[in-house]
Every structure is written in C-alpha cells, then in structure tokens.
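Encoded as structure tokens, the structure appears first; notes follow it.
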Amino acid sequence: MPEDRADRAPSEAATRPAGPAIPAALLAALAIALLTAAGTGARYWFRGDFGAVHALLVLFFSINLWICYWEICLFLRRDYVERRVAYWRGRQRETGRKPVIDFLTSKVPLAKVLSPTVWADVWAAYAEIDESFADRRAHGYNVDIANGFVTPVPILVLYAAYTFGILPAPAAGIIGAMLFWQLWYATLVYWIGFFGAGRQSRIGRKDRYIYIWAPNTPWVLFSLLGLYVSIRLIVDGDYGVLGY
C-alpha cells in the first residue's frame, strides 16, 4: 500500500487477507502467551517448580516486550501514522465503531505478522483517543519511542535472571529497581500529561476507564510489585522472594 495514500486506503490488517490470517488482538495475545510460557516453562524444566511472583513478572515482561515492538514500529512508520489518523476518523464516522476496536478485530495475514506498517496502525487508531501518539512533539509519543528502544535489554536480562539466576541477586535487584521505577514514573507522567492537557474532554467517562485507566493501571501495579521484588533481592542477597 503506497504511504502517500495512507489517509484513504484500508490498513494492511483491515484488507481482505490473501491466505491464512488471524485477528490482531488474538495474535498479540498469543505472542504474549508464548513469551510467558517460555519463562514459566523454563523454570519448571530446570527447577521443577512454579512461582506465582515469578510468573506475574514474566507475564509483565512479555507484555512489555510486545509493546516495545509496537513502539519501535511507531518510530519506523511515524510519517505513516500521522497520515493514517484521517483514515480512522473517517472510518469511525462511517461505522460508528471505535478505531482501536476496529483495528484489533481486523485480521493480520500470517505473512505480515511482524510488519511494522501493520502494527504502526494501532497508534493511528489509538490517536482518536489520544492524539499525542500522532504528534511527535508530545511527551507520550517520545517517551513511548524511547521505551521501545531502551527497555528491551534490561527486560530480557531480568527475564533470564529471574528464570535461571544468571546474575547475583543484588545485581538483578539494582537493574530491576531502575527499570521498574522508570516504568512506574513514565506511566504516572503519561496520566498527568493526558489529563493536564484536557484530552479527556474528547472522550466519555466510559472510554476513559476502558482506554486510559484500564490499559495503564497494570504498569503501575506490576511496577510496584517489581520494585518490591528488586528491593528484596538487594537486601536479602538471594532469589528467595521469587520462591527459589
């Protein structure tokens, strides 16, 4: 699809797929489930047990890794995203459906499961809720791009450390404290920026809960859990807090 027609043409995920395809939301859920299963399964394989705290944090890491890929796609297709906003707004007027729901229920061809153009479109769809993701001057836009490129490395290090104990516990705790504090702080600043700029006036109360509070609250709660675990790793000097 030529990018100079991005404001008129359907998304790659929304067009009728030629060949096997899967809904975008289901594809994302499967990717996260596989990443989570890899961590919990590896622990069971090597240690013969299961830890609830470990599983929760591996789930959080897996979600973050998938979101990081989306954020990288936002950077790689930033011009495309800005032009796509008009398409999703027009489609909402025609169908009455929220662009985010429209995108997540559209089918992605299996041949394009990692296409940056496919996943960049989620930001153009979400811009109907928060236009900052189509504005490269906005804090939300830039902090998400930075998150996409910076956080995968510490996430993967902690994923491995929590699963295999490849680092001394205090070292893992220090890395975790830095990562989880950054994620917690960035989420709070996003909320402050969203409501401080009055963007909530563009959507109803129900949509604020569905698209602003619900998707971001796990980052606050999981980050607080991660901070607790990190402090315990530093203070205790072992992985006992993760059930080892």
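The values are calculated or read from the model by the stated rules, or taken from the named source; none is laboratory data. Quick caveat, the model's predicted, so the values are computed rather than measured. Heads up, the Cβs are rebuilt from the backbone with ideal geometry, glycines too, and the neighbour counts pull from every protein chain shown. Just so you know, the surface numbers come from the protein's heavy atoms only, side chains and all, with ligands and any DNA or RNA stripped out. Shrake-Rupley method; radii C 1.70, N 1.55, O 1.52, S 1.80 Å.
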> Among 47, 77, which is the only one that is of a type in the set (Lys, Arg), open to solvent by 40 Å² or more (accessible area, probe 1.4 Å) and at pLDDT 95 or above?
Replying inline: 77
> Checking residue 202 against (1) open to solvent by 70 Å² or more (accessible area, probe 1.4 Å); (2) in contact with a Leu (Cβ under 7 Å, 6 or more places away or on another chain), which single condition isn't satisfied?
Replying inline: (2)
> Quick check, is residue 55 among the aliphatic types (A, V, I, L, M) and more than 14 Å from the chain's Cα centre (by Cα)?
Replying inline: yes
> Tell me, which helices (runs of 4 or more DSSP H) lie completely within the range 46-156 with 2 or more residues that are of a type in the set (S, T, N, Q) and under 30 Å from residue 171 (Cα atoms)?
Replying inline: 52-76, 139-150
> Of all residues in the range 163-195, which are more than 22 Å from the chain's Cα centre (by Cα) and open to solvent by 70 Å² or more (accessible area, probe 1.4 Å)?
Replying inline: 164, 166, 168, 174
>> I'd like the full set of residues that are touching a residue at least 60 places away in the same chain (Cβ under 8 Å) and in a helix (DSSP H, G or I), limited to the range 203-222.
In response: 207, 211, 212, 218, 222
